[in-house]
Structure formats: C-alpha cells, structure tokens
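**Q** One structure, as structure tokens, below. Some questions next.
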Amino acid sequence: MELTESAEILKLIIEGTNAGIWDWDFETGEVFWSENFYGLLGYTPGEIPAKIETFYDLLHAEDKVLVTKALNAHLKYKAPYRVEARLRTKDNGYKYFECTGKAIFENGKPVRMAGCNMDINERKVLENKLALNEYLLSEAGRLARMGGWEFDIARKENVWSKTVYDIYELPYDHDLAFDNPYTYFLPPYDETLKKAVEQTVSHGIIWDLELQLLTGTGKVIWVRSYGEPVFDAKGEIIKLRGVFMDIEKYKTNEIALNTSIELITQNNLQLKNFTHLLSHNIRNHANNIAMLTSLMDDSTLDEDNADMLQKIEKVSQGLSATLDDLAEAIKVQETELIADNLNFSEVIDSVLAVLESDLQANEVAIKRELWTEKVQFPRLYLESIVMNLLTNAIKYRKPDVPPVINLRTYTDHNDCVVFECQDNGLGIDLEIHGKKLFGLYKTFHEGKNSHGVGLFLTKTQIESQGGHILVDSEPNQGSTFKVVFKSKS
C-alpha cells in the first residue's frame, strides 16, 4: 500500500513538473519512456518506438552534437549530464527540454542510466525574446551612440552600459569608483553639470544638458546628458538614472549651420546696402537722361532725329519705371516679393514698347497666342523674364533671316500657368551646353556681346516664386523657353 502511494505521489510530481521519465538498460539495449515523455511531444504511449535511435531522430540537427558531447562526458568522466535541447513534436514543431540523467556504474562501466526531460519551452522562448530585445536595444544604442547609466547615492556606485564606456573611450573594466565624474568635462560645462546634479539630489529636478567632454584618449566631443531621480517607497531619492549620448556629429553640423546663417545674413546686409547704392546711382543717371531729353526741342530737329528723341524718351521712361519697381522691392522686408494679378498682354506691351527700336531695326515679327490671360506673379520679375527672353531671341537671330517670335500662354494639366517664348534663331546644342545653360556668366555663341547673366537671373526669379523653366532647342532650329509658374492650387 505504501509503495502504491509512493508511486502515485511520484507520478503527480512528474506531471506537475512537465517532465518525461526515461530509462536506458545498456546491457539489454531496452529503453523505457514514461507516458508523460510521449505526451509532452504530442504522442500517445507506444505511438513511436522507445529507442535511442528514435530520440536522436527527434533531436534538432543543431543540438545533436551538444547532446552527444554531454552524454559521452557523463559516461566516460562522470560529468553531470544536463543539457538544453530541442525535440521535434508530432506536429513537426520543436520544443525546448532540459535533459538530465545519471548512470549507474559497475566495475567502472555504465550499466544503466535514467533521467528526465523537463519541458522548458515557455521559459526558453521568453529568454530568446528577451535576448533578442536586449540585442536590438544594445545595437540601437551602439549605432545611435547612446547609452544608459545609474548611480546609487548611498553606495556611491556607478553602473554604465557599454556604449557609455565607448563614448568616454574607456575600457569596460575601468574602475569608476575612484573617478571624479566632473573632471572629464571642460569648463564651464563641469560646473554646469555639477550644479544640475546637486539640484536633482536636493530638489528632484531633471536635467537635460549639452556638454563638451574630454574622452579618455584626449578627444574633445559634444555629448548630451540626461538625468532624473529615482525615489524609494518613502519618497526619498536613492538613485540617479539617465541617458548619455554622443552628439558630436550633430552639434558640429549645427555650429557650422549657424555660422553659415550668420555669414549669409552679413552678405545679405551687404548686398542690400549695395542694391540701395546701385539703385540710387542708376536713378541719378536715369534722371539726368530724362532731364536732358526734356530740355531738347524736337521742333528744331529733322524727322529722323525727332523720332530718335521720342524713342530715347520711351527708354528713359521705361528705365525710370523699372527703378521705381526696384525701389519698392528693396523696401519689402520679406524674402519674397508680393505677387500681383498680372495681365500678360499688358506686361508684354510694356516690354515691347521699350524694345521698339530693336524690333524695328531687326524686322522682328511678334506673334501672340495668349490663351491664359492672367497670372499671379511679381510684376518686376515677369517684366524682367519677358525682357530677357525677347532680347535673347533678337540677339541670337539667324543672319539674313527675319526673326519670328511666338509668345504663348496657357494652363497645363497640373493647373499651372505656362508662358512660352519660341524663336527661329540660332538655337543651342543642349547635349553640349544643356547642364550649364542657366549658369552665371555662361555664353554659347561667339561675337554676340553676351554676358551670361540674363538666363541666370530669369531662372533665379522663376524658382524664387516656386516655378521652373524648361528649354527645347537644336542648333539652327531655334529655341523654345517654357516658364511654368507655381500651380494656382
């Protein structure tokens, strides 16, 4: 009766521990597997043969060598047999087991061995997930150059992650107990950090600082230090905990950017002063031209000279109008000029009036197809764009071929207003000059008194308002410049 009760108790213990019992008789070769041994693998007792060969067949391929080495070490040297291995279940999945056993020896030779396979799958899966998460967290910290630290106030003990050691450029076995933590920071950052830590210890205030650090190898880098207090159940601060990050790359870029912004601001100020001076001086010349033309009596001139005087007056008026617009633009504090609701026909008429003498002298034919009448754009810029495109078309005409210039406006499928200027002039070899077409001081035809400024200014003005310019051209086939304004939507 006592034997039966002991067997029942043993059975309950085995079932409660999710373990399967096995027994191996070396003399007869017989193997015994308990009911729970089969059950943990999803089999019914006797469904598969209880043999050593069957056990090895169930072992995961990566674990067979491990089990063999552990078993041989136990049988030869009586080393403990305890190994974690994966066994294939009936549904062809794998479960982790802790395999343990002990052999009985007679005259130094093993005659029998028994043990158990304990199901540790849930624990092992969790361990693997934790190991993976720890690896990912460690790798993320390493790649981001960010680590964690903790300081026990009572014990005066520091704990750093490996990345923090890497940032300080110290070996992982470096003894932190004898270090003054502030000596690694350059003045005045050492005092700044010291005061921040004291405020945290005394008042629980969190710190977040950017500091300059002198590493163990003598390198000066920028770091970010974040720290906060840890409280016990009584509300007392017992630890400090935080994050330490290498921000050298980002801080260097930030400083360089700020320096560039300051330089650009100075250059803009100088450019603005120069623009004021230039506008003032040019206005003086324009006023002088206007004054001289007003003093002349065209009734005393012959027909040709009277006509020339009228043209000079028109050019003078156009120059004065442009200077007025420029003066207004200079007064504007914003980086972008205010867009006007412009009528293409009116702007083109204004430009053609200034170019009238050139157009007549070169027998230029202007054709218009203005399907879209208006556009939102700064007047000063649009007049400049039309002026540059027309003067280029006239300048780069074919010898002995009357220039024909087609001006078109329309709205494309992207709801963008488009202005085209098409000519029948010399054209441009885009394979050779395409990439530098809009570059400053870039010219493409000899003997044309070109300065390479017009197209550069045109592109800059268009892009400053969110648009872009395209060109289609072939040598001796003319050119088509397409100005695409920013979408109305």
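**Q** Looking at Tyr43, Tyr38, Tyr56 in this structure, which one is among the hydroxyl-bearing types (Ser, Thr, Tyr) and in a loop (DSSP other than H, G, I, E, B)?
**A** Of Tyr43, Tyr38, Tyr56, the one residue that is among the hydroxyl-bearing types (Ser, Thr, Tyr) and in a loop (DSSP other than H, G, I, E, B) is Tyr43.
**Q** Separate question: For segment 219-248, which positions are aliphatic (A, V, I, L, M) and either in contact (Cβ under 8 Å) with a residue 60 or more places away in the chain or within 28 Å of Tyr168 (Cβ to Cβ) (or both)?
**A** Within segment 219-248, Val220, Ile221, Val223, Val230, Ile237, Ile238, Leu240, Val243, Met245, Ile247 qualify.
**Q** From the list Gly216, Gly235, Gly242, exactly one residue is in the same structural domain as Lys156 (by TED's automatic domain parsing), within 16 Å of Ile153 (Cα to Cα), part of a loop (DSSP other than H, G, I, E, B) and not hydrophobic (A, V, I, L, M, F, W, C). Which is it?
**A** The unique qualifying residue is Gly235.
**Q** Could I ask something else about it? Do the conditions hold for Ser161, that is, is it within 21 Å of Met146 (Cβ to Cβ) and of a type in the set (S, T, N, Q)?
**A** yes
**Q** Is it true that some residue in segment 205-219 is surrounded by fewer than 13 Cβ atoms within 10 Å (Cβ to Cβ), under 28 Å from Phe231 (Cα atoms) and either touching a strand residue (DSSP E or B) at 6+ places or on another chain (Cβ under 6 Å) or at pLDDT 90 or above (or both)?
**A** Yes - at least one qualifying residue is present in segment 205-219.
**Q** Could we say that Lys251 is surrounded by 14 or more Cβ atoms within 10 Å (Cβ to Cβ), in contact (Cβ under 8 Å) with a residue 40 or more places away in the chain, touching a Phe, Trp or Tyr at 6+ places or on another chain (Cβ under 9 Å) and on the phi < 0 side of the Ramachandran plot here?
**A** Taking the combined requirement at face value, the residue satisfies it.
**Q** Looking at the structure I just gave you, is Lys251 under 30 Å from Arg145 (Cβ atoms), assigned to a helix (DSSP H, G or I) and modelled with pLDDT of 70 or more?
**A** yes
**Q** Given the conditions (1) surrounded by fewer than 11 Cβ atoms within 10 Å (Cβ to Cβ); (2) in a strand (DSSP E or B), report the number of the one that Arg224 does not fulfil.
**A** Among (1) surrounded by fewer than 11 Cβ atoms within 10 Å (Cβ to Cβ); (2) in a strand (DSSP E or B), Arg224 violates only (1).
**Q** Scan segment 101-110 and tell me whether some residue there is touching a Cys at 6+ places or on another chain (Cβ under 8 Å), surrounded by 11 or more Cβ atoms within 10 Å (Cβ to Cβ) and not aliphatic (A, V, I, L, M).
**A** yes
**Q** Looking at Ser350, is it in a helix (DSSP H, G or I), modelled with pLDDT of 90 or more and within 48 Å of the chain's Cα centre (by Cα)?
**A** Yes, satisfied.
**Q** Considering each of Ala306, Ala286 in turn, give the residue that is modelled with pLDDT of 75 or more and either of a type outside the set (D, E, K, R) or in the same structural domain as His174 (by TED's automatic domain parsing) (or both).
**A** Sole residue among the options that is modelled with pLDDT of 75 or more and either of a type outside the set (D, E, K, R) or in the same structural domain as His174 (by TED's automatic domain parsing) (or both): Ala306.
The values are calculated or read from the model by the stated rules, or taken from the named source; none is laboratory data. Since we're looking at a predicted model, the values are computed, not measured. In this analysis, Cβ positions are derived from the backbone assuming ideal geometry, glycine residues included, and neighbour counts consider all displayed protein chains.
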